[in-house]
Amino acid sequence: MAPPDACPALVLNADYRPLSYYPLSLWSWQDAIKAVFMDRVNIVSEYEREVHSPSFSMKLPSVVSLKSYVKPSRHPAFTRFNVFLRDRFACQYCGAREDLTFDHVIPRSRGGQTTWENVVAACSPCNLRKGDKLADHVNMRPMQWPFQPSLAQLHANGRLFPPNYLHESWLDYLYWDTELEP
């Protein structure tokens, strides 16, 4: 039987959609149980694993849904992680997936800003090769020009990188909008 620490709970919004796909919205078993006792969530599915106290026993929740709907942010935060997710964790100059950093298409030394519209994922060798030059001057145009993604675009990209572990009880709530096989 799995230890409790190997039993996270998938957290769904009140509309039964995950709060986020990447990173997948998961709570530790302790946070899930605390939310149950504070009456903030409904238990949707449970593990076979139980936890016990001297006077109480409970199966660990594997899927919980919030009782109150949390309105998703309209615009994703501008973070290094979200830039990588927008660019699908690939260098926008050569396609490499290792040693990623980010590059200012118009270098800051030339007035470029650190914004969605000027930053792309780049591997360290390409970033060093481009340096503080304009992309056209070194013949290094990004495969995809930088843009501010919507949350839906980030969620779609996140689905391309599923976590290493997906419990069977989660599958009905993840990737439900993908095409079914005949």
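Determine, from the Cβ-Cβ distance of W145 and M38 and an R0 of 41 Å, the FRET efficiency 1/(1 + (r/R0)^6), rounded to the nearest 0.05.
The computed FRET efficiency comes out at 0.35.
Which value in deg cm²/dmol, rounded to the nearest 500, describes the helix-derived mean residue ellipticity at 222 nm for the chain, given -39,500 (n - 2.57) per DSSP H run of n ≥ 4 and division by the residue count?
Taking each H run of at least 4 residues, the total per residue is -4500 deg cm²/dmol.
Trypsin sites (Lys or Arg not before Pro), restricted to the stretch 24-103: which are DSSP loop and have at most 13 other Cβ atoms within 10 Å?
Working: sites: K34, R40, R49, K59, K67, R74, R80, R86, R88, R97; in loops: R40, K67, R74, R88, R97.
Those that pass, being in a loop and sparsely packed, are R40, K67, R74, R97.
Which residues make up the longest stretch of the chain that has no chymotrypsin sites (Phe, Trp or Tyr not before Pro) in a DSSP loop with at most 11 other Cβ atoms within 10 Å? Mind showing how you got there, number by number?
On the way: sites that count: Y69, F147, Y165, W176.
For chymotrypsin sites (Phe, Trp or Tyr not before Pro) (loop position, at most 11 other Cβ atoms within 10 Å), the longest site-free span of the chain is 70-146.
Let me know the charge dipole size of the chain about its Cα centre in debye, to the nearest 20, where only the beta-carbon of Lys, Arg (+1) and Asp, Glu (-1) is charged. Don't jump to the answer; show the numbers that get you there.
Working: 19 positive and 19 negative charges, 173 e Å.
Dipole size: approximately 840 debye.
If all Cα-Cα distances of the chain are sorted into 5 Å bins from 0 onward, what percent lands in each bin, rounded to whole numbers?
1, 7, 14, 15, 13, 11, 10, 9, 8, 6, 3, 2, 1, 0, 0
Please list, ordered by chain and number, the residues whose modelled amide H lies under 5 Å from the amide H of V44; skip anything fewer than 5 residues away on the same chain.
When sequence neighbours closer than 5 places are left aside, the close amide H contacts are V63, V64, S65.
As a test, work out the antiparallel percent of DSSP beta bridges whose residues both lie in the chain, rounded to the nearest 5. Spell out each step's value before the answer.
On the way: 18 of 21 bridges.
The antiparallel fraction comes to roughly 85 percent.
Not counting the cut sites, what is the longest span of the chain without GluC sites (Glu not before Pro) that DSSP labels loop and that have at most 14 other Cβ atoms within 10 Å?
Values: sites that count: E98, E117, E179.
With GluC sites (Glu not before Pro) excluded where exposed in loops, the chain gives 1-97 as its longest stretch.
Could you list which residues have their amide H under 5 Å from that of I106, counting only those 5 or more apart in sequence or on another chain, with H placed in the peptide plane?
none
Given the stretch 1-59, report the % of alpha carbon pairs whose separation exceeds 17 Å.
40
Please state the equivalent ellipsoid semi-axes for the stretch 40-127: what are the square roots of 5 times the Cα gyration tensor eigenvalues, largest first, in whole Å? Please list the in-between numbers first.
Details: eigenvalues 397, 61, 21 Å².
Over the Cα atoms of the stretch 40-127, the ellipsoid semi-axes are 45, 18, 10 Å.
Could you tell me the distance between the Cα centroids of the stretch 66-139 and the stretch 46-65, to the nearest Å?
Going from one Cα centre to the other spans 42 Å.
Every number here is computed from the coordinates shown, using simple stated rules; none is lab data. If you're wondering where the values come from, they're calculated on a predicted model, not measured in any experiment. Reconstructed Cβ throughout: ideal geometry from the backbone, glycine too, with neighbour counts over all protein chains shown.
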